[in-house]
1. How large is the dipole of region B:1-95 about the Cα centre if only Lys and Arg carry +1 and Asp and Glu carry -1, each at its Cβ, rounded to the nearest 20 debye?
2. Give me the extension gain from residue B:193 to residue B:178: residue separation times 0.36 nm, minus the current Cα-Cα distance, reported in nm with one decimal.
3. Given points 7 Å out from each Cα along the Cα-Cβ axis, report the residue A:14 to residue A:87 separation in nanometres with one decimal.
4. Which value in deg cm²/dmol, rounded to the nearest 500, describes the helix-derived mean residue ellipticity at 222 nm for chain B, given -39,500 (n - 2.57) per DSSP H run of n ≥ 4 and division by the residue count?
5. Please quote Rg/Rh for region B:181-250 to two decimal places, taking the Kirkwood radius as Rh and restricting both calculations to Cα atoms.
6. In square angstrom and rounded to 100, what buried accessible area do you get between chains B and A, total over both, with the probe at 1.4 Å?
7. So, for chain A, what is the accessible surface per residue at a probe of 1.4 Å, expressed in square angstrom?
8. Hey, what did chain A get for relative contact order, percent, Cα under 8 Å, at least 6 apart?
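The values are calculated or read from the model by the stated rules, or taken from the named source; none is laboratory data. Computed from a prediction, not measured in an experiment: that's the story for all the values here. Neighbour counts are summed over all protein chains in view; Cβ atoms, including those assigned to glycine, are modelled from backbone coordinates with ideal geometry. Calculation scope for accessible area: heavy atoms of the full protein, side chains included, ligands and nucleic acids excluded. Shrake-Rupley method; radii C 1.70, N 1.55, O 1.52, S 1.80 Å.
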Amino acid sequence: MRIVVLIKQVPDMNTVKIDRATGKPTLDGQRVVSSFDEYAIEAGLRLKEQHEGEVTVICAGPPSVKDAITRALAMGVDNAVQIALPNANDIDTLTLATVLVVEIGKLEPDVVLTGQNSDDYQTGHLGPQLAELLGIPHLSSVTRIDGGDSEFSVQRDTEDGKQVVTVSTPLLLMAMTGLNEPRLPSIKGMMAAKRKPVEQVTADLPSAAPSLSWSEPFVPERTVTGTVVQGVAASEAATQLVTWLKEQKLL
Amino acid sequence: MGKGTGILVVAEVGEDGLRTGSLELLTVGRSLAEAMGGELTVVVPGAEVVEAARTVAASGADRVLVVDDERLASFTSGAWTAVVVHAVAETNPAALLIPGTTSGRDYAPRLAARLRLGLAADCVDLAVEDGALVATRPILGGRVQTVVRFEGDGPWIATVRPGSFERAKPTGEEAEIVSLTVELGDDDLKVRVVETLHEDTGGKRLDNAERIVAGGRGLKEPDRFNLVEDLARALNASVGASRAVVDAGWRPHHEQVGQTGQTVAPRLYVAVGISGAVQHLVGMQGADYIVAINRDPDAPIFKIASFGIVGDLFEVVPAVIEEINAARA
Ligand SMILES: Cc1cc2nc3c(=O)[nH]c(=O)nc-3n(C[C@H](O)[C@H](O)[C@H](O)COP(=O)(O)OP(=O)(O)OC[C@H]3O[C@@H](n4cnc5c(N)ncnc54)[C@H](O)[C@@H]3O)c2cc1C
């Protein structure tokens, strides 16, 4: 089975702080593999364990994405394609999908895996757009994958409950929390990662006029309508809350 | 196709009928139609959706297109993409609005890729500036926003976060309902739906609870969840949870509140160590009173809290329990 996993490198959400003076987030902290993409890597590795085959990871971005790729290789991915792109967030998802699809297509995958959405821009667009350009079906919010060599039974989370579907390869699956528990890279895996092949590719960005542009991230004006208690001792906060609960006749 | 006019809204029908997000899109769709000129058309895909179509027709739409097909009984990306592509060709709108539900977020990107159109995800505000659509969307977990500006001829597409606009109310008028037939080929039906599983709630349901105390990842360890249970007991409330702690196996799924859990509307909802991700908020924003306890002053939960405490829950919750017991004594 040919398995391709798309991953994105993002700022570690735990290090993102908001600068009160400028109203801008600080995004220059540690960079990590986007959290849902870790579920996608794990799913790819498990498919390989069950059905044999090869897992390739593809990551586009600045030189720092090498670290994200190394982590995937250390988890057990076989090889990687690194696409040089100054900043994956400066182009819209459809343009990015057009770039990625060229490399994915060359690998003729049976299964393509992505995360449900990235931690930073959170659009969730890339998976469906890749699938459309590849001419294959996709499933989002995937929490369970069972199945044979060419036909899968997949569960996806919806507002109404867990939808169970069957679908044949080739297909694209978007990994959701609950799908699995991503493994940590082992020492042995980290050593092996150094010897695994990483193909370097330069992206050809299409010249078509963009259909959208977006502003720098900013912190919205607080629209808090309620009371917020801050900077007081726990006991004082508790007293204020209980007084409020009584006023609202909730106690 | 050339620049279109008017607004096309896709309504969504779930197992319990028309999803309320559809009525919210009617509200914003109406104001955009007025700002940009043109009609507000709503397409209702599904199986046996006549009743939902009537509700939409009575809530301010100029025209309603119904695609009633038994192959649309349960959502699939392929079929929905085909149906909405057809509705876009039929109406050539300036903008297309899709509910930001799991389904909407699933097929909208596919549709945008097929038609090579720009798409903004999970928008919380939409406006018209110099004739162009401008969308505001949260990023980085909801603490930060970005403004997306559409260019070119469109149609411009946005998925809209549920709960961002008021629901449209009956206007006293009834729009015309037109039935639309869409050809669905094998390529549109590659995914076969077997069934939709409903969680066994063990008889306990949160959706009728009057009071709920819910805990999230801020509790750090499953054992510390007793703080939530103790507070719930003090307030005579039921226990709820965020998806993060359900996924981690700390709490059963029937306690999960949110998009892929229960939708609740209690009188009082207390969120302890819950950040307030959109998928959580859509499940509980109908509560009359929301109390949030979180140490991060920028946590999105504070935006909808009626009473918020910025502080360490491990100190605040025991103090609150003590204070409640003292007040009762
Ligand atoms: C398709 C989809 C469907 C989803 N469906 C749901 C759903 O139905 N329900 C749901 O809940 N989520 C759902 N999610 C997940 C959602 O996006 C969030 O990941 C989840 O709600 C986060 O849970 P949390 O708030 O407990 O954790 P976190 O986001 O990690 O928040 C923990 C919070 O605890 C606070 N904290 C930490 N320590 C302390 C302390 N000592 N004192 C006080 N505060 C502290 C932190 O400041 C933080 O705000 C869905 C996601 C997707 C993509």
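1. Values: 6 positive and 13 negative charges, 72 e Å.
So the dipole magnitude of region B:1-95 works out to roughly 340 debye.
2. Once the chain is fully extended between residue B:193 and residue B:178, it gains 2.6 nm.
3. 2.6 nm
4. Numbers: 9 runs with 96 residues, N = 329.
For chain B, the value works out to -8500 deg cm²/dmol.
5. On the way: Rg = 19.2 Å, Rh = 15.3 Å.
With Rh from the inverse mean 1/r over Cα pairs, Rg/Rh is 1.26.
6. 6800 Å²
7. Details: 11080 Å² over 251 residues.
With the other protein chains kept in place, chain A gives 44 Å² per residue.
8. About 23 percent, as a whole number.
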